[in-house]
Amino acid sequence: MKVILLTELRGKGGEGDVIDVAQGYAENYLYPNKIAQPATPGNLKQLEERRHNIAKREEKRIADAEALRAQLDGKPVTVDAKIGEEGQLFGSVTAAQVADAIEAQLGVEIDRKRIGRVAIKQVGKHEVEVNLYRDINAYVVVLVGVDANEPEAEAEAAEATEAAPVEEPAAE
C-alpha cells in the first residue's frame, strides 16, 4: 500500500516521500498518528503543489543539522559515574546520561533517542554517535572518570586500572 509521509519516518523517508508499507501498519499506526496519508490521486496532486514548500523546509532542516554538527562534532563531554576497582563502572552510562551531559556542558538539547547505542562500562574516552537528521551524524567524545581539562588525566586513569589496588589502612 502506498502512502505519503507527512513527517520524517526514521528508516523509511522524509516529509513528502511516497513509500510502500503494509496495510495494517498504515491503518493502525501511520494514519492515526498523522504520520502519513493515503496516496490517492487527489492527495498526490496536492503533494505536487506543496513540493516547493516541502523543499524549503527540508533545506532549513539540513542547514540546522549541519550547524548542530559543527557545534557537537569531536567535542568532549564528561559524564560522572560511580567507578569501582580496576576502572569498572557500577552499571553503565546510558543515552539519557549522555544527552543530559551534552545539554549541561555544550548547551545543545538532544533527544536521547537520537544518540547511538551506548553501553559504556569502562573508564576512559568513548566516541558516541549522535544522529541529527537522516544521514547527518555528529560524534561526541564521552569522558567517563577522566577530567576533560587535563589530557594527562586519561593516561593516569589507564595506569590506575593496570596497577594493583592499594590496600587501605584498617579502621580502628
Residues of the range 1-11 satisfying the condition of being modelled with pLDDT of 90 or more, open to solvent by 20 Å² or more (accessible area, probe 1.4 Å) and either farther than 16 Å from I54 by Cα or not hydroxyl-bearing (S, T, Y) (or both): M1, K2, L6
Filter result for G87 (in contact with a Ser or Thr (Cβ under 9 Å, 6 or more places away or on another chain) and either within 14 Å of Y133 (Cβ to Cβ) or open to solvent by less than 80 Å² (accessible area, probe 1.4 Å) (or both)): yes
Number of the condition not met by Y133 [criteria: (1) open to solvent by 50 Å² or more (accessible area, probe 1.4 Å); (2) within 12 Å of the chain's Cα centre (by Cα); (3) of a type in the set (F, W, Y)]: (1)
Hits in the range 121-144 - residues which are aliphatic (A, V, I, L, M) and either assigned to a loop (DSSP other than H, G, I, E, B) or without any contact (Cβ under 8 Å) to a residue 40 or more places away in the chain (or both): V123, V128
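Looking at the range 36-50, is at least one residue farther than 29 Å from V18 by Cβ and open to solvent by 30 Å² or more (accessible area, probe 1.4 Å)?
No, every residue in the range 36-50 fails to be farther than 29 Å from V18 by Cβ and open to solvent by 30 Å² or more (accessible area, probe 1.4 Å).
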Tally of residues being open to solvent by less than 50 Å² (accessible area, probe 1.4 Å) and not small (G, A, S) across the range 18-29: 2
Hey, Q46 farther than 30 Å from L143 by Cβ and in a strand (DSSP E or B) or not: no
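The values are calculated or read from the model by the stated rules, or taken from the named source; none is laboratory data. The structure displayed is predicted, hence computed values, not measured ones. For neighbour counting, all protein chains shown are included, and Cβ atoms are generated from backbone atoms with ideal geometry for every residue, glycine included. Accessible surface is based on the protein model in full, side chains and every heavy atom, while ligands, DNA and RNA are left aside. Shrake-Rupley method; radii C 1.70, N 1.55, O 1.52, S 1.80 Å.
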